[in-house]
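Worksheet: the structure to be examined is printed underneath.
The values are calculated or read from the model by the stated rules, or taken from the named source; none is laboratory data. What you see is a predicted model, and the numbers here were worked out from it, not measured in a lab. Note: ideal-geometry Cβ built from the backbone for every residue, glycine included; neighbour counts use all protein chains shown.
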Amino acid sequence: MLTAAGPATDERRAQLARNLARVREQIAAACAAADRDEAGVTLIVVTKTYPAADVIRLASLGVTDIGENRDQEARAKHSACSGLNLAWHFVGQLQRNKAAAVVRYCDAIHSVDRSELIPVLQRAAAASGRRPRCLIQVDLGEPDGTAQPGRARGGALPSDVGALSAEIANAPDLELAGVMGVAPLGTPPAPAFAALREVAMRVQEQHPAATWISAGMSTDLVAAIKAGATHVRIGAAVLGERPFPR
Ligand SMILES: *Cc1c(COP(=O)(O)O)cnc(C)c1O
């Protein structure tokens, strides 16, 4: 297993600590401005493209929740980071042939966006004796309908969320946790987050325990918290800009 103990002067750890402190301050300020309790917002640090050694450093800095978007990479990091008591969140687009694999190590799957995934997830959950939380990813639209590099379009149409949430709620080994959304680029995020919140409220009317609203990334976390996000997914602001955004 890797270790973050390293030399007393672990520059990378110091850098991560500074970045984390800045993000935590932003979250605290956004909560204060929105008159919300900070305890109601969970920071998920998205470590995609960065090594397991960074995950270990983050754990030593008090991070409890890690996000990943690719199965192979996530699986390798998860096994390199065993014993750290982290919660793993899958936030990437979910291919049908990867859905079962993800269930084996993820505590929460944020990207359930179509019906065909649900029986696959259910079977994998039953087989592994796990009960993953499932969030429905909601398509919040793009201003001009074009695909955005790095923000591959995904998500269920808001009109399909009711049926999907019933299917997840009826799966005995899946736990419907709530909804997830990615705001479109190139336009202020507030309307998209407001739309997501509305979808979330409709889901909660039918499923009161499905309280999670996973929204907000490095550049739009303040708007997301204002709109009620319970889980923010932050990558670049903690780990640094990725050479290839994805
Ligand atoms: C990469 C990613 C994030 C984190 O994005 P940053 O801009 O690096 O904060 C959040 N959510 C999803 C779905 C992602 O793929």
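Details
- Scanning the stretch 69-106 for residues that are within 16 Å of the ligand (Cβ to nearest atom), under 15 Å from the mean Cα position of the chain (by Cα) and either surrounded by fewer than 22 Cβ atoms within 10 Å (Cβ to Cβ) or closer than 14 Å to Tyr50 by Cα (or both) turns up Asn69, Arg70, Asp71, Ala74, Ala87, Gln93.
- Ala229 meets all of the listed conditions (1) within 12 Å of the ligand (Cβ to nearest atom); (2) not in a loop (DSSP other than H, G, I, E, B) but one, namely (2).
- Qualifying residue in the stretch 116-137 (condition: within 16 Å of the ligand (Cβ to nearest atom), surrounded by 15 or more Cβ atoms within 10 Å (Cβ to Cβ) and among the small types (Gly, Ala, Ser)): no
- Scanning the stretch 198-224 for residues that are more than 15 Å from Gln137 (Cβ to Cβ), out of contact with any Phe, Trp or Tyr (no Cβ under 9 Å at 6 or more places or on another chain) and either of a type in the set (S, T, N, Q) or assigned to a helix (DSSP H, G or I) (or both) returns Glu198, Met201, Arg202, Gln204, Glu205, Gln206, Thr211, Ser218, Thr219, Leu221, Val222.
- Of all residues in the stretch 219-242, those satisfying the criterion of being of a type in the set (D, E, K, R) and surrounded by fewer than 24 Cβ atoms within 10 Å (Cβ to Cβ) are Asp220, Lys226, Glu241, Arg242.
- Exclusive hit being at pLDDT 95 or above, surrounded by 14 or more Cβ atoms within 10 Å (Cβ to Cβ) and touching a Leu at 6+ places or on another chain (Cβ under 7 Å), set Gly178, Gly216: Gly178
- Residue check for Glu205: modelled with pLDDT of 95 or more, exposed (fewer than 14 other Cβ atoms within 10 Å of the Cβ) and either acidic (Asp, Glu) or within 16 Å of the ligand (Cβ to nearest atom) (or both): yes
- Test: residue in the stretch 79-94 that is farther than 20 Å from Ala209 by Cβ and in a helix (DSSP H, G or I): yes
- Here Val238 clears all of (1) part of a helix (DSSP H, G or I); (2) β-branched (Val, Ile, Thr); (3) modelled with pLDDT under 95 except the condition numbered (3).
- Close pairs from the stretch 127-138: first part of a loop (DSSP other than H, G, I, E, B), partner of a type outside the set (A, V, I, L, M, F, W, C), Cβ under 6 Å, at least 6 apart: Arg131/Asp173; Arg131/Glu175
- Test for Gln137: is it modelled with pLDDT under 95 and under 27 Å from Arg242 (Cβ atoms): no
- Only a single item in (1) surrounded by 15 or more Cβ atoms within 10 Å (Cβ to Cβ); (2) closer than 16 Å to Ala224 by Cα is not met by Ala33, and it is number (1).
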